[in-house]
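What follows is one structure encoded as structure tokens, with my remarks underneath.
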Amino acid sequence: MSTPLASPDRAPAGDRAQGLGAAARRLVPPGLLFALPFLVLFALFMVWPLVQGAWMSLTDTSLSAHDPSFVGLDNYAEALGDAGMWQAVGNTVWFTVVSTVPLVAVALGMALLVHTGLPGQWVWRLAFFAPYLLPVGVIGLLWGWLYQPDLGLYNHLLQAMGLDGFAWLSDKDVALYAVVIATLWWTVGFNFLLFLAALQAVPDHLYEAAALDGAGAWRRLWHVTLPQLRRMTGVVTVLQILASLKVFDQVYLLTKGGPDGSTRPVVEYLYDMGFTGYRLGYASAISYVFFALVVLVSAAQFAAFRRREK
């Protein structure tokens, strides 16, 4: 029995399958398949909440009402005229200014001390970084006791030196700075690690060349070490500013925004509006106003760093 010959115009089945596979790979890059799980989760937990929050900011959504109505830009107009919101913005900006400088400078000093070869380096590294590992609940409890007016350690030390103690968390002129001190002790370890890693990446031949030129320790610090840390200093500064702008946990645990709203940041204000005042739509509008301010600050920072690098 004779076998039918294949038509010269028809490609074998294996070749057709390979051609379809190549076409599919051209349409769907292989890398996209590996990134697909991340993209799905990113869209589900990041993009969709952003879209939903933006829509909610245009409505009068409330926890006490089930049928929200569209109000357009009324929430944004109210937010821009809200004195309480601008007070919270001012508190947040001032906290960022007051906390960022020591959190960068102290972290750099700690990294330089460890990098110079102090005895027992692992002890210093552990001591500097360990507070960063503590949960915020522990920080609130610990520093709440330290700041106690009658039994707190700080007032006890001041009284031992013949000085008057402070109402650390109930005096509106002192409370914000008390939160800054607690934040400095708690989070400086992360910046310390970043600076220490950057110091260890500085090439040794730069120090050797500077020593051959007769440069002492201070000249090597100013003319070799600090210039080599310029990029890392910029990164740490940007990260710290963004972290300080989002402050909430330690403020809420230590002062709950008081006294008289003198320590209440923007995040706590929108939390109060949304979950205490039940105005989710208005709280969403405040969050997007604050988001716009953060984007502007970040853009200004990156523009400034780019000009410095040029």
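Structural remarks
- The set of residues in segment 263-296 that are outside any helix (DSSP H, G or I) and farther than 21 Å from Ala243 by Cβ comprises Gly277, Tyr278, Arg279.
- In summary, Ser170 fulfils each of the numbered conditions (1) polar (S, T, N, Q); (2) open to solvent by 40 Å² or more (accessible area, probe 1.4 Å); (3) part of a helix (DSSP H, G or I) with the single exception of condition (3).
- Condition met for Phe45 (within 19 Å of the chain's Cα centre (by Cα), part of a helix (DSSP H, G or I) and either of a type in the set (Phe, Trp, Tyr) or more than 17 Å from Tyr288 (Cα to Cα) (or both)): yes
- For segment 247-257, taking the residues that are in a loop (DSSP other than H, G, I, E, B) and open to solvent by 40 Å² or more (accessible area, probe 1.4 Å), the one that is nearest to Ile181 (Cα to Cα) is identified as Phe248.
- Filtering Leu118, Leu163, Leu151 for residues that are in contact with a Phe, Trp or Tyr (Cβ under 7 Å, 6 or more places away or on another chain), open to solvent by 30 Å² or more (accessible area, probe 1.4 Å) and not in a helix (DSSP H, G or I) leaves a single hit, Leu118.
- Segment 18-46, residues that are at pLDDT below 85 and open to solvent by 100 Å² or more (accessible area, probe 1.4 Å): Gln18, Leu20, Arg25, Arg26, Leu27, Leu33, Phe34
- Of all residues in segment 150-166, those that are closer than 18 Å to Ala182 by Cα and free of Cβ contacts under 8 Å to residues at least 40 places away in the same chain have Cβ atoms under 9 Å from Cβ atoms of residues that are part of a loop (DSSP other than H, G, I, E, B) and open to solvent by 80 Å² or more (accessible area, probe 1.4 Å), 6 or more apart or on another chain, in Tyr154/Phe166; Asn155/Asp164; Asn155/Phe166; Leu157/Leu163; Leu158/Asp164; Leu158/Phe166; Gly165/Asp150.
- Looking only at residues of segment 258-310 that are under 29 Å from Ala178 (Cβ atoms), open to solvent by 50 Å² or more (accessible area, probe 1.4 Å) and β-branched (Val, Ile, Thr), we find that the one that is nearest to the chain's Cα centre (by Cα) is Val297.
- Just one of the numbered conditions (1) part of a helix (DSSP H, G or I); (2) more than 24 Å from Tyr271 (Cα to Cα); (3) open to solvent by less than 70 Å² (accessible area, probe 1.4 Å) is not true of Val179: (2).
- Which numbered condition Arg125 fails, given (1) over 26 Å from the mean Cα position of the chain (by Cα); (2) open to solvent by 60 Å² or more (accessible area, probe 1.4 Å); (3) closer than 30 Å to Leu196 by Cα: (1)
Let's see how each residue does on (1) part of a helix (DSSP H, G or I); (2) farther than 26 Å from Thr96 by Cα; (3) open to solvent by less than 50 Å² (accessible area, probe 1.4 Å); (4) touching a residue at least 12 places away in the same chain (Cβ under 8 Å):
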| site | (1), (2), (3), (4) |
| --- | --- |
| His205 | yes, yes, no, no |
| Glu208 | yes, yes, no, no |
| Ala211 | yes, yes, no, no |
| Gly214 | no, yes, no, no |
| Arg220 | yes, yes, no, yes |
| Thr225 | yes, yes, yes, yes |
| Val235 | yes, no, no, yes |
| Val238 | yes, no, yes, yes |
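- Pick from segment 84-115, criterion of a type outside the set (A, V, I, L, M) and under 30 Å from Val202 (Cβ atoms), ranking: most open to solvent (accessible area, probe 1.4 Å): His115
- Failed item, numbered, when Ser2 is tested on (1) surrounded by 10 or more Cβ atoms within 10 Å (Cβ to Cβ); (2) among the polar types (S, T, N, Q); (3) modelled with pLDDT under 80: (1)
- Verdict on Arg231 being open to solvent by 50 Å² or more (accessible area, probe 1.4 Å), basic (Lys, Arg) and in a helix (DSSP H, G or I): yes
- Residue count for segment 240-266, restricted to those that are among the basic types (Lys, Arg) and over 15 Å from Gly90 (Cα atoms): 1
The values are calculated or read from the model by the stated rules, or taken from the named source; none is laboratory data. Everything numeric here is computed off the predicted structure, so don't read it as measured data. Reconstructed Cβ throughout: ideal geometry from the backbone, glycine too, with neighbour counts over all protein chains shown. We work out accessible area using only protein heavy atoms, side chains counted, and drop any ligands, DNA or RNA first. Shrake-Rupley method; radii C 1.70, N 1.55, O 1.52, S 1.80 Å.
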